[in-house]
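A quick write-up on the structure given underneath.
The values are calculated or read from the model by the stated rules, or taken from the named source; none is laboratory data. Quick caveat: nothing in here was measured; it's all calculated off a predicted structure. Cβ sites come from the backbone with ideal geometry, for glycine too, and all protein chains shown count toward neighbours. Each accessible area value is taken on the protein alone, full model and side chains, heavy atoms only, with ligands, DNA and RNA left out. Shrake-Rupley method; radii C 1.70, N 1.55, O 1.52, S 1.80 Å.
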Amino acid sequence: MTQPVVLILGASVAGVGAATELRRCGFEGRIVLVDGQPHAPYDRPPLSKAILTGEATTDSIALATPAELSEKNIELRLGVPVAALDAPARRVTLADGTVLSADFIVIATGARARVLPSACSCEGVITLRDLDDGLRLKQVMASAKHVAVIGGGFIGAEVASSARQLGLEATVYECESLPFLRVLGPAVAQRLVDLHLAAGVKVKTGVRVEQVSRAGDGFSLRLSDGSVHPADVVVAGLGALPNVEFLEASGVQVADGIVCDAWGRTSHAGLFAAGDVANWAPTDGAARHRDEHWTSAREHARIVAHTICGQTGPVWAEYVPYFWSDMHGKRIQALGTPQHADEVRFVFEDETKGAFLAEYLRAGQLIGVAGCNAAGRLMKYRARLVPAPASIQPQALKETTE
Ligand SMILES: Cc1cc2nc3c(=O)[nH]c(=O)nc-3n(C[C@H](O)[C@H](O)[C@H](O)COP(=O)(O)OP(=O)(O)OC[C@H]3O[C@@H](n4cnc5c(N)ncnc54)[C@H](O)[C@@H]3O)c2cc1C
């Protein structure tokens, strides 16, 4: 009997995670990991932090070296992106015309940075998603004095923090009344803005950057209030869009990412999605969504690998959404779904350590927790936030491929 083949599209947290978890589950078939980039798999979180400050190198952020993958008999094909997918036939065509077929395909193509509309931007504005972006930003920051960050989300905040660590001036431009508002609510969002202010980051809120243009060796930013601001480096941190274009003619259901169930199964048998590209259905009946965080990508990958191996069960309902961010020497963490809360209460403060912890409630029920430099306390909430057991069982491996 021939061994099954798993083809994994995208060699980052979700893709490498799925490949290694398949081997951990005892999968003995062929595993082929494909990525459009030429670089060996690397981790993205350091790109806005330790890569910029010089505390990490390209080597130190490796997710898995080609030798480590080869030891696990995982084939790596780098440098040629997937151009098209034939979903019923479970076959992909690479940009160089190579055709690869498989029994199972895991789509883990992640997301790319959203860019400013070309009409209000100019060449040289940097977005941060891939290793080359991080290395380029590091290089331009080396000769800069002032970094402007458009968008006050976590990646933007981390870039501003890294800039300050390097002794540069940094300004964050945020069109909402507060950065982090939708994710963490006003009270905690204000605490994070206070971290910026204490570290010397200027934060301009409630204004839109309407035009970025070249001015001498640097840039000029025109805001919606009519003011004009100079900068040497401009970074757009505007969120990310799922990489699904190659699925256009595939028939795979796409709606803000690849629509899939709580086991990563897509609209087509044998085809799975994991990580930032997956519009994943939680088991607790909450709305389907894309979770653009490292830990979610890794968990999706584990779930998909176990589903392919037919080893799934309600255990997967135990996943509690989690993310972290590092800024100004502080670790910010959140568990659960603080974005859905209607009440927030601070339950721990330590001003000497700049630490705090806030509980998030909805209709009186605890649904999340967020903290700063409070990892031990925060993680104790995990058990309390585990969702109700899944009501559906995934079908057996055989059924999903029929
Ligand atoms: C700068 C930065 C900092 C971050 N910091 C944090 C943090 O502090 N905490 C946190 O929780 N999360 C953080 N994240 C988010 C986290 O890194 C992502 O959630 C995670 O990388 C998602 O992994 P993924 O495998 O789904 O997708 P990605 O990491 O996006 O990888 C997708 C891979 O697919 C490849 N690909 C795309 N299209 C194709 C194609 N057509 N053919 C072949 N290959 C393709 C890409 O080259 C890429 O290697 C950060 C992200 C960035 C960019």
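In a simple Cβ point-charge model (Lys, Arg +1; Asp, Glu -1; nothing else charged), the chain has a dipole of about 480 debye relative to its Cα centre. The label point for Arg112 and the one for Glu351, both projected 7 Å from the Cα toward the Cβ, are 4.9 nm apart.
For the chain, the number of Lys pairs with C-alpha atoms closer than 22 Å, counting only pairs eight or more positions apart or on separate chains, is 15. Helical runs (DSSP H, four residues minimum) scored at -39500 (n - 2.57) apiece and divided by the length of the chain put the mean residue ellipticity at 222 nm at -6500 deg cm²/dmol.
The packing ranking, built from the mean of other Cβ atoms within 10 Å per residue, places the peptides 110-116, 137-143, 158-164 in the order 158-164, 110-116, 137-143, highest first. Of the Cα atoms belonging to the chain, the radius of gyration and Dmax stand at 21.8, 70 Å.
Tell me, how many Å apart are the Cα centres for segment 52-126 and for segment 331-352? Comparing the Cα centres of segment 52-126 and segment 331-352, I get a distance of 34 Å. Note on Gln365 and Lys380: the extension gain reaches 3.7 nm, defined as 0.36 nm multiplied by sequence separation minus the Cα-Cα distance.
Compared with the direct C-alpha span, the chain from Thr295 to Leu78 gains 75.7 nm at full extension, assuming 0.36 nm per residue. Ligands, DNA and RNA left out, the 1.4 Å accessible surface of the chain is 50% carbon and sulfur atoms.
Shape class of segment 18-100 from the Cα gyration tensor (axes a ≥ b ≥ c, square roots of the eigenvalues): oblate, since a/c reaches 1.5 or more and a/b does not exceed b/c. In terms of its alpha-carbon gyration tensor, segment 43-191 comes out prolate; a/c meets the 1.5 threshold, and the first ratio a/b outweighs b/c.
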